[in-house]
Amino acid sequence: SDIPPVPVRGQDEIAGLTRAFNTMVVNRAQLEQARKAMVSDVAHELRTPLSNIRGWLEAAEDGVSDLDPALVTLLMKEALVLQHVVDDLQDLAIADAGSLRLTVAPVPVRAALEQVRAAHEVRAAQAGVALSVSAEELTVDADALRLRQILDNLVANALRYVPSGGSVSVSAARDHDDVVIAVADTGAGISAEDLPHVFDRFWRADKSRARSTGGSGLGLAIVRKLTEAHGGTAGVTSTPGQGSTFTVRLPIRAGAGAAEPV
Ligand code: ADP
């Protein structure tokens with residue numbers, strides 16, 4: 001062939017290339033394993049709502065139950081779970097492919113948090129959970145809809161894992177050149193052993209938990225991806241028995257109150 005041979009200058013280089021090659025092969029094997037696990041998780045995640053839908057439709061077909069409004073509501077709920085999983089999968093796939101398009105503009109953080117609180121107010125009241133916001137006047141450069149998606153996921157989780165009588169506090173404060181948004185809850189918390197896994201795809205502390213809550217098991221994976229796409233980081237601290245605090249750290253809007261040089 002007319003492909004020129006790779007110029008090799010010495011033993012060191014060969015050793016380096018060999019190392020790089022081996023790393024590449026190991027990474028490929030790990031990737032392949034992750035891909036297989038992912039497909040199996042997706043199948044598992046879709047199976048429950050699908051079999052619920054089928055079960056109810058079969059009962060209606062057999063005349064065991066009528067397709068009454070209550071049943072239609074149940075079917076709709078399961079369809080929404082399916083939709084949620086598929087939407088989340090698509091978001092992750094787009095982000096993985098590096099094709100996430102962010103429409104970045106200045107976003108006033110306090111107003112954004114107030115909107116999130118308003119959107120979850122009714123659910124919080126129904127759950128008997130106090131939902132509060134306390135935020136400094138700060139601005140980040142962000143895709144407003146994606147930021148909203150991040151916050152919705154964190155607040156929805158907090159409301160899901162806090163028992164009645166508890167509270168969820170959303171805050172925003174400045175730390176050097178970052179804005180740190182925190183969603184703190186008084187829920188059961190997460191064990192030290194589980195903590196490193198919460199942002200993994202499809203990871204759940206309670207594997208058997210029914211998907212009645214509408215979560216896709218992808219919420220936190222999406223939170224992390226979207227935050228990183230904004231040049232930020234997502235993290236969590238938790239004290240079992242006391243609660244958890246999820247944080248999203250985003251660079252403060254350049255030129256708009258960035259730290260004074262020292
Ligand atoms: P989902 O909530 O749909 O299961 P997520 O990716 O949003 O998926 O969360 C993954 C897991 O992390 C949850 O199943 C739960 O075990 C744990 N988790 C998330 N948020 C909290 C929280 N605020 N308090 C306690 N555990 C949480």
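Starting from 0.36 nm per residue, how many nanometres of slack lie between Val104 and His197 once their C-alpha separation is accounted for?
30.5 nm
Whole percent per 10 Å bin, from 0 to the bin with the longest distance: what is P(r) over all C-alpha pairs of the stretch 1-79?
Using 10 Å bins, I get a P(r) of 15, 21, 15, 13, 11, 10, 10, 5 for the stretch 1-79.
Roughly how big is the chain's charge dipole about its Cα centre, with Cβ charges of +1 (Lys, Arg) and -1 (Asp, Glu), in debye to the nearest 20?
Details: 25 positive and 33 negative charges, 51 e Å.
The calculated dipole for the chain is roughly 240 debye.
Stokes-Einstein D for the stretch 22-62 at 37 °C, 0.692 mPa s, Kirkwood Rh over Cα pairs, in µm²/s?
Details: Rh = 12.5 Å.
Taking Rh from Cα pairs, D becomes 262 µm²/s.
Once you sort the root eigenvalues of the Cα gyration tensor of the stretch 21-153 as a ≥ b ≥ c, which label holds: rounded (a/c under 1.5), prolate (a/b larger than b/c) or oblate (the other case)?
oblate
Decide, for the stretch 89-168, between rounded, prolate and oblate: order the square roots of the alpha carbon gyration tensor eigenvalues as a ≥ b ≥ c, take rounded if a/c falls under 1.5, and otherwise choose prolate if a/b is larger than b/c, else oblate.
Values: a/c = 3.27, a/b = 1.50, b/c = 2.19.
It is oblate, given that a/c is not under 1.5 and a/b is not larger than b/c.
Past the 17 angstrom mark, what percentage of all C-alpha to C-alpha distances in the stretch 110-214 do you count?
Numbers: 3135 of 5460 pairs.
Roughly 57 percent, once rounded to a whole number.
Taking GluC sites (Glu not before Pro) as exposed when DSSP calls them loop (any state but H, G, I, E, B) and at most 15 other Cβ atoms lie within 10 Å, what is the longest stretch of the chain free of them, the sites themselves excluded?
On the way: sites that count: Glu136, Glu137, Glu193.
Longest run free of exposed loop sites: 1-135.
Taking the Cα centre of each part, how many Å lie between the stretch 73-146 and the stretch 162-181?
Between the Cα centres of the stretch 73-146 and the stretch 162-181 lies a distance of 15 Å.
Please calculate how many Å² of accessible area the chain carries per residue, with a 1.4 Å probe and no DNA, RNA or ligand atoms counted. Walk me through the intermediate numbers first.
Working: 15550 Å² over 262 residues.
Roughly 59 Å² per residue, with all protein chains present.
List the trypsin sites (Lys or Arg not before Pro) in the stretch 151-211 that DSSP assigns to loop (not H, G, I, E or B) and whose Cβ has at most 12 other Cβ atoms within 10 Å. Which are they?
Details: sites: Arg160, Arg174, Arg201, Arg204, Lys207, Arg209, Arg211; in loops: Arg201, Arg204, Lys207, Arg209.
Within the stretch 151-211, the qualifying trypsin sites (Lys or Arg not before Pro) (loop, at most 12 other Cβ atoms within 10 Å) are Lys207, Arg209.
May I ask which residue of Pro108, Ser169, Ala188 lies farthest towards the positive end of the charge dipole of the chain, with charges of +1 (Lys, Arg) and -1 (Asp, Glu) on Cβ and the Cα centre as origin?
Of the options given, the answer is Ala188.
Restricting to DSSP loop positions (anything but H, G, I, E, B) with no more than 10 other Cβ atoms inside 10 Å of their own Cβ, which trypsin sites (Lys or Arg not before Pro) remain in the stretch 8-50? Kindly include the intermediate steps, with their values, before the conclusion.
Details: sites: Arg9, Arg19, Arg28, Arg35, Lys36, Arg47; in loops: Arg9.
Passing sites in the stretch 8-50 are Arg9.
Taking H as built 1.01 Å from N, whose amide H comes closer than 5 Å to the amide H of Val133, not counting residues under 5 places away?
Val170
Would you check the accessible area of Ile94, probe 1.4 Å, heavy atoms only, in square angstrom rounded to 10?
Roughly 60 Å² of Ile94 is accessible to a 1.4 Å probe.
Using the Karplus equation 6.51 cos²θ - 1.76 cosθ + 1.60 (θ = phi - 60°), what ³J(HN,Hα) coupling, rounded to whole Hz, does each residue of the stretch 80-91 give in order, writing x for Gly and Pro?
Each residue of the stretch 80-91 in turn: 5, 4, 4, 4, 4, 4, 5, 4, 5, 4, 5, 4 Hz.
Carbon and sulfur together cover what percent of the accessible area of the chain at a 1.4 Å probe radius? Don't skip to the answer; put the middle values down first.
On the way: 8860 of 15550 Å².
It is 57 percent, rounded to a whole number.
To the nearest 10 square angstrom, what accessible area does Met76 show with a 1.4 Å probe?
110
Show Arg101, Arg249 ordered by accessible area, largest first, where the area counts protein heavy atoms only and the probe is 1.4 Å. List each step's numbers first, then the result.
Details: Arg101 180, Arg249 80 Å².
In descending accessible area the options line up as Arg101, Arg249.
Taking θ = phi - 60°, what integer Hz values does the Karplus form 6.51 cos²θ - 1.76 cosθ + 1.60 yield along the stretch 94-102, in sequence order, with x for Gly and Pro?
3J(HN,Hα) across the stretch 94-102, in whole Hz: 5, 5, 4, 6, x, 9, 5, 9, 9.
May I ask you to evaluate 6.51 cos²θ - 1.76 cosθ + 1.60, the Karplus curve with θ = phi - 60°, for each residue of the stretch 59-68 and list the ³J(HN,Hα) values in order in whole Hz, giving x for glycine and proline?
4, 5, 5, 6, x, 5, 10, 7, 7, 7
Quick one: Kirkwood hydrodynamic radius for the chain, alpha-carbon pairs, angstrom, one decimal?
Working: mean 1/r = 0.0468 Å⁻¹.
Kirkwood hydrodynamic radius for the chain: 21.3 Å.
The values are calculated or read from the model by the stated rules, or taken from the named source; none is laboratory data. This one's a predicted model, so the numbers in the text were calculated from it and none came from an experiment. All Cβ positions, glycine included, derive from the backbone under ideal geometry; neighbour counts span all protein chains shown. Quick note on the areas: whole protein, heavy atoms, side chains included, nothing else; ligands and nucleic acids left out. Shrake-Rupley method; radii C 1.70, N 1.55, O 1.52, S 1.80 Å.
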